[in-house]
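Accompanying notes for the structure given below.
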Amino acid sequence: MKTIIFILLLNATNLVGQKFENLALTPPMGWNSWNHFECDRVNEEVIRDMADAMVSSGMKDAGYEYIVIDDCWQVGRDEEGVIIVDSEKFPSGIATLADYIHSRGLKFGIYSDAGTHTCEGRPGSKDHEEQDAITYAAWGVDYLKYDWCNTEGQDEIESYTRMRDALYKAGRPIVFSICEWGYSKPWKWAGEVGHLWRTTQDITDRWDGSRWGNQLGWTFILERQVGLEKYAGPGHWNDPDMLEVGNAGLTINEARAHFTMWCMLAAPLITGNDLKNMPDEIRAILTHRELIAIDQDPLGRQGFKIYDEGNFEIWQKPLSNGDLAICLLNLEVRDKEFVIQWSKLKIKDFDGTYAVKNLWEDKAAGDTSGAHTVKVSGRDVVVFRLGKR
């Protein structure tokens, strides 16, 4: 392994630092270990099981491709500074695990931190950026989530740029996920550094509110995306954090609304549930082809709010070929009835008459020439795709 790393380092010395282009041209889709397994329960068997389940569940066929190990795979550094894998959790090593994931037709992701230590106290990459990047390239890593714990005195742009340059020098195309929690407004600078950047603190499996002050319910995170749409596009995405769909704190209505709004935001769809023991109703949400098509639309436009009653909102997402996605979000516990006057909704670039399809009900819903009465269940959504006639 050290010989391979040395050769890669020699080949990388003359490369100019930049991020890899032509990656993440649509929002990345995959799975991450943290939301369900956290630190104590993540191990090699879990990761293999999740890769197998991604394939057998139909998620791979629906577009999910990354299997990402979050924190707690590393335990130290050797005398030469090379990162040491936790051999109890990952007895076959990371490279062998990556090979297995690739053999399933998937891509492999890993986690590190810009500071001295990760959020769970494992070795961070500060002052080891090039060494770690070379190691990840040798292991076959395709995606790096890079956190921001234990970074006292560090500058965000400088720290993330150092790892960006190291990844580029290592020579293996790796999607770079910036996890700085939005403190430095990364949407203003991270487009030249990474392929996606977190816009807020961590998500938790709650509808609203916060847990411990730094873990937010998903509707709180949603409201903080308002106004950020101009910064997103192919190869550079706002990241409102991973999906909590399928975890215990959300009802089915809440999970469906959560997934839908992340699709409307053109957000990365990184699931965080137990794929191996996933109920059919959760699988149906996560693999809904027409919602995924909204998220993955090649135009790459992030959705934005066009109507707000406080606890009832309407969002729009422009799509390719002149289509539009319109989502009605009911934040109340009680059901909501709403009469849509399409021509009065202030839909941007609304031009002419559109055929209307209700995506969750999978049925045609007339056209936009007249009024449309809609019932939106409590804490749920109705989402339409409008197609030009």
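Since every read-out is calculated from the coordinates, none of them should be taken as a lab result. Note that the structure is a prediction, hence the values are computed from the model and not measured. A quick note on method: Cβ atoms are made from the backbone with ideal geometry, for glycine too, and the neighbour counts reach across all protein chains shown.
A compact table of results
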| item | result |
| --- | --- |
| Extreme residue, positive dipole direction of the chain, given options PRO123, CYS149, ILE340 (C-beta unit charges) | ILE340 |
| Eligible lysines near LYS126 by straight Cα distance, threshold 29 Å, same-chain separation 8 or greater | LYS2, LYS19, LYS89, LYS107, LYS145, LYS169, LYS185, LYS188 |
| Amide N proximity, segment 88-102 versus GLN215 label position 7 Å along Cα-to-Cβ, cut-off under 12 Å | none |
| Mean residue ellipticity (222 nm) of the chain, computed from DSSP H runs ≥ 4 via -39,500 (n - 2.57), nearest 500 | -7500 deg cm²/dmol |
| The chain: angle of helix 2-12 to the longest principal axis, Cα-based, in degrees nearest 10 | 70 |
| Kirkwood-Stokes translational diffusion coefficient of the chain, alpha-carbon pairs, 4 °C, 1.567 mPa s, µm²/s | 60 |
| Relative contact order, percent, segment 261-389 [alpha-carbon distance under 8 Å, six or more residues apart] | 23 |
| Tally of Lys pairs whose C-alpha atoms are under 12 Å apart, taken over segment 304-388, 8 or more apart or cross-chain | 6 |
| Acute angle (nearest 10 degrees) that the helix 252-264 long axis makes with the longest principal axis of the chain, alpha-carbon atoms | 80 |
| Folded to 0 to 90 degrees: helix 94-103 orientation relative to the chain principal axis, Cα | 40 |
| GNM flexibility winner over the chain from ALA138, ALA232, ALA266 (Cα, springs under 10 Å) | ALA138 |
| Across the chain: Cys residues that no other cysteine approaches within a C-beta distance under 4.7 Å | CYS179, CYS263, CYS327 |
| Cα convex hull of segment 304-388, projected area averaged across orientations, nm² | 5.1 |
| Per DSSP, loop trypsin sites (Lys or Arg not before Pro) in segment 287-376 with at most 16 further Cβ within 10 Å | ARG334, LYS346, LYS348 |
